[in-house]
Amino acid sequence: MRLRSVIAGLAFVTMAFAPLAVLAEELVNRVVAVVGDEPITAAELDRSIQGLLQRLQMMQQQQGQNMAMPPAAEVRYMALNSLIDEKLFNKEVERLKISVSEEEVSMFLERLKAANNMTQQEFIARLNETGMTPEEYREKVRNDQLKRKLINYEVKNKVVISDKEVDDYLAEHPELVQGGGPQLTIQALFLKLPENAGDDVKAQLRAKAEALREEAVDGADFDEMCRANSQGPGAASGGKIGPLSKSDLLPEMGKALETMKEGDMSPVLDIPSGVVFMRLISLTDGKEGSAEVRDQVRARLENNQLEERFGEWMKELRAKTYIQIIE
């Protein structure tokens with residue numbers, strides 16, 4: 001009799017909690033957005049939010065002072081849009097049959113370790129500090145390289161600067177031919193402040209810039225970093241701006257460049273619209289032969305067109321893809 005009572009009790013408990021288990025599974029698999037014919041589930045969004053929160057917490061630690069976290073709704077919005085962009089890129093990569101081999105990933109990692117004089121053990125230790133496993137980092141590198149190949153295919157290969165365009169530009173800027181002062185090329189990552197931003201938001205933006213700068217100094221791909229994060233000129237071309245004169249830049253940037261040599265990375269600088277940090281790629285006295293000047297002009301015009309074309313391409317990509325966000 002007692003055995004029957006126990007069995008009956010277990011059956012009751014199983015029946016009582018079974019709907020809760022089903023409900024939990026439904027919540028995890030709930031679709032929060034659709035990109036084309038691909039759903040984004042609550043579980044994917046939760047992982048994206050957790051990853052973003054981890055990066056924000058690291059930024060807090062690097063800042064060395066209390067930093068208010070963004071509101072939960074803002075974190076969710078950022079994480080969801082990141083997932084939507086990822087789905088869009090992945091669909092284009094699949095459509096165009098773009099691939100990155102294991103050898104390409106391994107070669108990138110070897111160059112990264114060599115540039116930072118790190119052994120494999122030191123590299124793994126550095127990854128552990130960021131909360132990533134070697135396998136997760138390899139996948140991140142693969143995805144970054146896929147995106148670069150996609151951008152080159154869709155955008156860069158379609159940007160062509162003719163000799164006439166170079167001639168026209170030089171005619172409008174005779175000082176370039178006549179040696180009108182030093183000419184420099186930089187690579188800059190800009191982060192903009194929202195309108196009416198408070199001190200907490202300013203602190204968050206600076207902390208993000210400091211964290212990104214540290215990654216760049218540690219050997220991260222600065223081209224890709226600028227494409228993914230910069231909100232200023234040259235973002236689509238990996239942050240490259242120039243050739244130009246120092247007077248073309250913001251005073252804060254011009255002052256920082258006074259003590260920089262080619263290859264140097266500036267500190268994070270406060271500018272009216274937000275923050276910026278930059279690398280000095282090249283500096284010339286403006287009196288080099290016409291061939292070098294023409295190459296510099298061609299690079300400037302190419303960067304301008306590349307940035308414009310990349311923005312148009314992203315708009316086209318979103319416009320032609322069915323995207324629905326389900327609240």
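Brief remarks follow.
- Residue in segment 102-109 that is within 17 Å of Glu215 (Cα to Cα), surrounded by 12 or more Cβ atoms within 10 Å (Cβ to Cβ) and either touching a Ser or Thr at 6+ places or on another chain (Cβ under 9 Å) or not assigned by TED's automatic domain parsing to the domain that holds Ala299 (or both) present: yes
- Odd one out for Val22 among (1) loosely packed, with under 11 Cβ neighbours inside 10 Å; (2) at pLDDT 75 or above; (3) of a type outside the set (Phe, Trp, Tyr): (2)
- Per the listing Leu306, Leu269, the residue uniquely touching a helix residue (DSSP H, G or I) at 6+ places or on another chain (Cβ under 6 Å) and modelled with pLDDT of 85 or more is Leu269.
- Residue in segment 169-189 that is in contact with a Phe, Trp or Tyr (Cβ under 6 Å, 6 or more places away or on another chain), surrounded by 13 or more Cβ atoms within 10 Å (Cβ to Cβ) and at pLDDT below 80 present: no
- Residues of segment 114-137 satisfying the condition of being closer than 27 Å to Ala236 by Cα and either surrounded by 16 or more Cβ atoms within 10 Å (Cβ to Cβ) or in contact with a Gly (Cβ under 9 Å, 6 or more places away or on another chain) (or both): Ala115, Asn116, Tyr137
- Boolean, Arg55 is in a helix (DSSP H, G or I), modelled with pLDDT of 85 or more, of a type outside the set (Phe, Trp, Tyr) and not assigned by TED's automatic domain parsing to the domain that holds Glu210: no
- Applying a threshold of 7 Å to beta carbon distances and a minimum spacing of six or more residues, or different chains, the list of pairs starting in segment 88-101 at a residue that is without any contact (Cβ under 8 Å) to a residue 12 or more places away in the chain and ending at one that is of a type in the set (A, V, I, L, M) and assigned to a loop (DSSP other than H, G, I, E, B) is empty.
- Listing of helices (runs of 4 or more DSSP H) fully contained in segment 90-192 that carry 2 or more residues being under 17 Å from Met225 (Cβ atoms): 102-115, 120-130, 134-154
The values are calculated or read from the model by the stated rules, or taken from the named source; none is laboratory data. If you're wondering where the values come from, they're calculated on a predicted model, not measured in any experiment. Cβ atoms come from the backbone with ideal geometry, glycine included; neighbour counts cover every protein chain shown.
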